[in-house]
Amino acid sequence: MDTNKNILWFKTVIEPTLKGYEVEYRFYDDGDFGSLNQIEFNSKEKGGNIDFWGLGYVGIFLWDYQKEEEIMNILLEPNQEEEKEKFIESLLRLLKQKSLI
């Protein structure tokens with residue numbers, strides 16, 4: 001995965017394209033996989049977070065508030081670089097989609 005995919009990347013490249021979302025950034029020194037940089041995002045339709053762990057793990061969670069169902073819940077290991085790219089791209093597509101309901 002592009003090593004530039006982190007909170008700074010999200011804040012400067014992705015956040016400006018997310019219309020209708022509130023975004024919060026958090027940092028925790030100690031977690032299950034080292035330090036944690038977390039991005040939480042919420043709109044009326046969808047919400048979730050991306051976790052960038054110090055040991056290279058990436059967690060992605062997305063919830064559909066209107067359907068009340070989980071869309072994505074993934075924890076990727078440091079060696080799963082291609083999967084990280086794929087799931088982050090998929091998440092970004094889903095965040096930009098409008099609900100048909």
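The values are calculated or read from the model by the stated rules, or taken from the named source; none is laboratory data. In this text, all values refer to a predicted model and were calculated from it rather than measured experimentally. Glycine also receives a Cβ, built like all others from the backbone with ideal geometry; neighbour counts cover every protein chain displayed.
Miscellaneous remarks
- Ile74 vs. criteria modelled with pLDDT of 95 or more and within 17 Å of Asn6 (Cα to Cα): yes
- Unique match (being among the small types (Gly, Ala, Ser) and touching a Ser or Thr at 6+ places or on another chain (Cβ under 6 Å)) among Gly54, Gly48, Gly31: Gly54
- Qualifying residues in the range 81-101 (those that are closer than 16 Å to Asn42 by Cα and in contact (Cβ under 8 Å) with a residue 24 or more places away in the chain) - the one surrounded by the fewest Cβ atoms within 10 Å (Cβ to Cβ): Lys98
- Residues of the range 54-80 classified as surrounded by 14 or more Cβ atoms within 10 Å (Cβ to Cβ) and within 17 Å of Gly20 (Cβ to Cβ), total: 4
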